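What follows is a short report on a single structure.
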Amino acid sequence: MIIHLSSHGLVSESELAYQIHDTGAKVVLAGEDTLETVLRSVKKAGLPTSSVYLISLEKGPAPESGVRTL
């Protein structure tokens, strides 16, 4: 099952963590501009950083250990 949560750069870390937890998300896609907030939010929601996929147009290593790029 895929559940789409659309978020913006102004959403709070706590609100995003609540949404992740409330929906039972297992994977989170993040843009470069929201990555730091997403990483803190998934940690609060109890998910590992390996559940985060960075959507990036640039090739190179992931900026955070465990984060994967698409």
Val52: modelled with pLDDT of 90 or more, open to solvent by less than 20 Å² (accessible area, probe 1.4 Å) and under 11 Å from the mean Cα position of the chain (by Cα), yes or no? yes
If a residue must be under 13 Å from Val67 (Cβ atoms) and open to solvent by 60 Å² or more (accessible area, probe 1.4 Å), how many such residues does segment 4-49 contain? 7
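The values are calculated or read from the model by the stated rules, or taken from the named source; none is laboratory data. The structure displayed is predicted, hence computed values, not measured ones. Here Cβ is always computed from backbone atoms with ideal geometry, including for glycine, and neighbour counts include all displayed protein chains. SASA here: full protein model, heavy atoms, side chains in, ligands and nucleic acids out. Shrake-Rupley method; radii C 1.70, N 1.55, O 1.52, S 1.80 Å.
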